[in-house]
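Asks: This structure is in structure tokens; I'll ask about it shortly.
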Amino acid sequence: MIAIENGRLLNELRESLQQQTATADVLKVISRSTFDLKAVLNTLVESAVRLCEADQAVIGRPKGGTYYFEASYRLSPELAEFVATHPSRIDGSSVSGRVLLQRRIVHVPDVLADPEYTYAHQLGDQRRFRTVLGVPMLREGTPIGVITLARNSMRPFTDRQIELVVTFADQAGIAIENMRLFDEIQEKSRQLAEASRHKSQFLANMSHELRTPLNAIIGVSEMLREDAEAAKQETEPLDRVLGASRHLLALINDILDLSKIEAGRMELQLESFALAPLIADVVKTIQPLAAKNANQVAVNCDGAIGTLHGDQMRLRQAMLNLMSNANKFTERGSITVDARQGPENGRNWVTIAVADTGIGMTPEQVGKLFQEFSQADASTTRKYGGTGLGLAISKRFCQMMGGDITVESEPGRGSTFTIRLPRIVEGAVAASPPR
């Protein structure tokens, strides 16, 4: 009796180990084939047949009032072709149909003793099944499929085998749901990409359409101002028109640059140029605005900084943005430009830091500083104006040249923006999306 009991326990242990191993194998397949639903379902039906001593297994999916088979194992070629081309009705004539209707496990020990079961007759006597088991795959209580096992002889499935099929059905449901979510994400991503492309195209077209008449307004206003000056007439109204027109033109240019970057159509014009004269030119441009706010501008430039190979116009635009911001948020203070060069990780780098003694920013304000159409906060926008495009575009220009812009700031103690670029820019790099 002890030997018999030991043998029984050994058999149970062996069977349990086989089931656990099969479940682990299925989980491995699911993890490796997350987006290959066919491979996962085929593994499930094959494992179910092998471990539950079945002759065939299929996985069906509902569609309208019918269901179709998405995976099968050990079906004859004729039967596989038949079930692939003949969707079945969701009704009581088949075990799969009953499972989908009743949303529960259906176990028919002998289909010949079940008058309602007529599905086998549709296949012909030579393909008739005797014992059939169907287990639903549920998502939030709704059947999204059914795994069905059949035996050619009358031999009911055991409770342990049914429990294993339930486990496989759960795994199949997870795989199907994962694939559904992946397809949804893919479709949403495609729609977002398409919307972004249309938006960029619209912005680019509108920018071109707006710049043409605006340049004409600026040109005519400049001519009228020259005539008014020659005639010693009042020029203040024309100065206001020119100032507003140039501000609007700068905004349109920013929008056009942004749309080109997002559409991947922004090209760098790479050339070698002396960096010190570029910095001096930017400082000279910003000097009248600094004087208006009673700010002092100082430049510390490394004597060995020499030349830089990159996009001179884009770097100048980025520096103008940084120095304009520094001046805008500083009154009766100082603005310092510090340029340095040095090796790092086998490459030579150039850093240009623009520091001010202005109002500074909190960590929360810094966190959204480089977002498009965003400034530190609403009160800053109301008091100082601006669109919030300059910093975002400047950062992405530097990223395209293989560098970046970083910032350090403290409320009431000013900010330091640092441009970091390779001394030799080798080509355009895709700019990172704003965070």
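Asks: With respect to Glu12, determine if the residue is of a type in the set (Asp, Glu), part of a helix (DSSP H, G or I), open to solvent by 70 Å² or more (accessible area, probe 1.4 Å) and at pLDDT below 75.
Replies: For Glu12, the condition - of a type in the set (Asp, Glu), part of a helix (DSSP H, G or I), open to solvent by 70 Å² or more (accessible area, probe 1.4 Å) and at pLDDT below 75 - is met.
Asks: Mind telling me which of the residues Ser196, Ser245, Ser221 ends up being closer than 30 Å to Asp36 by Cα and surrounded by 11 or more Cβ atoms within 10 Å (Cβ to Cβ)?
Replies: Ser196
Asks: Further question: Take Val58 and decide whether it is under 13 Å from Leu149 (Cβ atoms) and in contact with a Gly (Cβ under 9 Å, 6 or more places away or on another chain).
Replies: Here the answer is no, as Val58 does not meet what is asked.
Asks: Here is a follow-up. Identify all residues within segment 294-329 that are over 14 Å from Ala274 (Cβ atoms) and charged (D, E, K, R); write none if there are none.
Replies: Scanning segment 294-329 gives Asp311, Arg314, Lys328.
Asks: Let me ask something else about it. Are any residues in segment 352-376 open to solvent by less than 60 Å² (accessible area, probe 1.4 Å) and within 27 Å of Pro288 (Cβ to Cβ), and if so, which ones?
Replies: Ile352, Ala353, Val354, Ala355, Asp356, Gly358, Gly360, Met361, Leu369, Gln375, Ala376
Asks: In segment 296-333, how many are open to solvent by 40 Å² or more (accessible area, probe 1.4 Å), of a type in the set (Gly, Ala, Ser) and in contact (Cβ under 8 Å) with a residue 12 or more places away in the chain?
Replies: Number of matching residues: 3.
Asks: Just to be sure, is Ala230 under 22 Å from Ser259 (Cβ atoms), free of Cβ contacts under 8 Å to residues at least 12 places away in the same chain and open to solvent by 60 Å² or more (accessible area, probe 1.4 Å)?
Replies: no
Asks: Here's something else I'd like to know. What's the total number of residues in segment 294-309 that are over 39 Å from the mean Cα position of the chain (by Cα), at pLDDT 85 or above and farther than 15 Å from Thr336 by Cα?
Replies: The number of residues fulfilling the criteria is 1.
Asks: Another one. I'd like the full set of residues that are open to solvent by 40 Å² or more (accessible area, probe 1.4 Å), touching a helix residue (DSSP H, G or I) at 6+ places or on another chain (Cβ under 9 Å), among the hydroxyl-bearing types (Ser, Thr, Tyr) and more than 17 Å from Val49 (Cα to Cα), limited to segment 67-111.
Replies: Tyr68
Asks: Across segment 50-79, what is the number of residues that are within 40 Å of the chain's Cα centre (by Cα) and among the aliphatic types (A, V, I, L, M)?
Replies: 4
Asks: Output yes when any residue across segment 146-158 is more than 28 Å from Ile252 (Cβ to Cβ), free of Cβ contacts under 8 Å to residues at least 60 places away in the same chain and among the small types (Gly, Ala, Ser), and no when none is.
Replies: Yes, some residue in segment 146-158 is more than 28 Å from Ile252 (Cβ to Cβ), free of Cβ contacts under 8 Å to residues at least 60 places away in the same chain and among the small types (Gly, Ala, Ser).
Asks: Could you list all residues from segment 263-280 that are open to solvent by 60 Å² or more (accessible area, probe 1.4 Å) and either modelled with pLDDT under 75 or under 28 Å from Thr212 (Cβ atoms) (or both)?
Replies: Listed by number, the residues that qualify are Gly264, Arg265, Glu267, Gln269.
The values are calculated or read from the model by the stated rules, or taken from the named source; none is laboratory data. None of these values were measured; they are calculated from a predicted model. Virtual Cβ from ideal backbone geometry, glycine too; neighbours counted across all protein chains shown. When the accessible area is computed, the model is the full protein with side chains, heavy atoms only, and any ligands, DNA or RNA have been set aside. Shrake-Rupley method; radii C 1.70, N 1.55, O 1.52, S 1.80 Å.
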